[in-house]
Amino acid sequence: MKPILFNLTDAELTDFITKLDQPKFRAKQIREWLNRGAPDFKSMKNLPEKLRTDLDASARTLPVQIIKKLESSDGQTTKFLLELNDCEQIECVLMRTSYGNSVCVSSQAGCAMGCKFCASTLLGLKRNLTVNEIYSQILVAQWELRNDKLSDNHIRPNGDANNGDVSHIVIMGTGEPLQNLENVIGFIERANSEMGIGWRKITVSTCGIVPGIKELTKWGRPINLAISLHAPTNELRSHIMPINNKYKLDEVLDAAFEFSALHNRQLMIEYILLGKKNSSGETELFNCDAEYAKKLSDLLKGKNCMVNLIPWNAVDERDFASPSGNAVHNFQDILIKNGIHTRIRRERGQDIGSACGQLRLNNAKGIK
């Protein structure tokens, strides 16, 4: 395998460069390009052409390489399929919003959680990502944003000039972050110290690994926590999320609200709205009828939380269907009437398969 220059220390990078009979100052130039997210050596315009050619033959820039990039029709969402040095693949998503540029990163290659509505887990868990592999996803997005500025098309369809850098991070991509907690914490601290992204602009999403939530509480940084709940009863949640057989609803929510109370932060509750096809091919409600809306209201009443309702993004291999718009709004109305702060997540990048794991899965099946 070619060495990855981003992974080298400054001393190691200098040694590598001097062995190519180059002056030491070239190492500093290369480091500056790497920290900007340069995807290849031809982008490093202040290096001699021969050096760029030699580097291309002998090394890689980042721990991730773009092998596919898709952009939504509205120009607001870009999804990347990235390849690691061992040929495993991950995804990250750049979302350009009115409040800034948010990047959803993966923490593992694959996932072991087995949630029945999710594409990420279909290929199983391959391995944890390193700090550098997670951090490099942000650099990929940052490079894309800076190219926006140089492009004639950098005025996005919403009329706003996209002249910002990455401002928000959500660790909500492929994998369960709290199963890779040491590297996730290392990534967050690096993003905060080196990129200046505030703690309160970073969100970790978990399906409910209680010991990991407690470790986050001990760590003490005022980041945001999101719980992938998706059902208001243990019976239903265990049916679609096997992790609930180990950590029950009450245990998960107790740990999560303890974390959010420590920093006086609102806990985010993620709730995917699922339908099922009946024998006649019609969509019936699965976890989003009035009964479950009332049960969710009872579970969360009086709590400092916000429910993020997510209409399911269809995955061919999963036996679910997207509920109608009326069903989604009726579910929200019941929550609101019961005093639960809630919103419906705007569907971003649906035309490019923005649900976790879809692009990776399709690529593994050879779907272009």
For the range 41-60, how many residues are touching a residue at least 12 places away in the same chain (Cβ under 8 Å) and not in a helix (DSSP H, G or I)? 5
So which residues in the range 67-87 are in a strand (DSSP E or B) and either at positive phi or open to solvent by less than 10 Å² (accessible area, probe 1.4 Å) (or both)? T77, T78, K79, F80, L81, L82, L84
Can you tell me which residues in the range 110-126 are assigned to a loop (DSSP other than H, G, I, E, B), open to solvent by less than 10 Å² (accessible area, probe 1.4 Å) and either at pLDDT 95 or above or closer than 23 Å to V210 by Cβ (or both)? S120
Restricting attention to the range 127-146, does a residue exist that is modelled with pLDDT under 95, out of contact with any strand residue (DSSP E or B) (no Cβ under 8 Å at 6 or more places or on another chain), open to solvent by 10 Å² or more (accessible area, probe 1.4 Å) and hydrophobic (A, V, I, L, M, F, W, C)? no
Conditions (1) farther than 25 Å from T342 by Cα; (2) free of Cβ contacts under 8 Å to residues at least 24 places away in the same chain; number of the one not met by D165: (2)
Based on what the data block shows, is Q29 open to solvent by 10 Å² or more (accessible area, probe 1.4 Å) and assigned to a strand (DSSP E or B)? no
State which residue is most open to solvent (accessible area, probe 1.4 Å) when the search covers only the range 2-25 and only residues that are within 21 Å of Y135 (Cα to Cα) and in a loop (DSSP other than H, G, I, E, B). K2
I need a count of the residues in the range 161-207 that are among the polar types (S, T, N, Q) and not in a strand (DSSP E or B). 8
Among V93, V105, V64, which is the only one that is open to solvent by 10 Å² or more (accessible area, probe 1.4 Å), closer than 16 Å to S136 by Cα and within 16 Å of the chain's Cα centre (by Cα)? V93
Given the criterion polar (S, T, N, Q) and either farther than 19 Å from V140 by Cβ or over 21 Å from the mean Cα position of the chain (by Cα) (or both), identify the matching residue among S205, S167. S205
Can you tell which of S58, S43 is open to solvent by less than 50 Å² (accessible area, probe 1.4 Å), among the hydroxyl-bearing types (S, T, Y) and farther than 19 Å from R146 by Cα? S58
Residue count, the range 233-247, condition touching a residue at least 12 places away in the same chain (Cβ under 8 Å) and either open to solvent by 10 Å² or more (accessible area, probe 1.4 Å) or assigned to a helix (DSSP H, G or I) (or both), comes to 10
Could you check the range 264-302 and list, in sequence order, the residues that are under 27 Å from the mean Cα position of the chain (by Cα), open to solvent by 10 Å² or more (accessible area, probe 1.4 Å), modelled with pLDDT of 90 or more and of a type outside the set (A, V, I, L, M, F, W, C)? N264, R265, Q266
Find all pairs meeting these conditions: Cβ atoms under 6 angstrom apart; at least six residues apart or on different chains; first residue within the range 118-129 and over 13 Å from S106 (Cα atoms); second residue of a type in the set (S, T, N, Q). A119/Q358
Sort out which residues of the range 72-85 are at pLDDT 95 or above and either out of contact with any strand residue (DSSP E or B) (no Cβ under 9 Å at 6 or more places or on another chain) or of a type in the set (D, E, K, R) (or both), and write them in order of number. K79, E83
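The values are calculated or read from the model by the stated rules, or taken from the named source; none is laboratory data. As the structure is a computational prediction, the values presented were derived from the model and not from experiment. All Cβ positions, glycine included, derive from the backbone under ideal geometry; neighbour counts span all protein chains shown. Quick note on the areas: whole protein, heavy atoms, side chains included, nothing else; ligands and nucleic acids left out. Shrake-Rupley method; radii C 1.70, N 1.55, O 1.52, S 1.80 Å.
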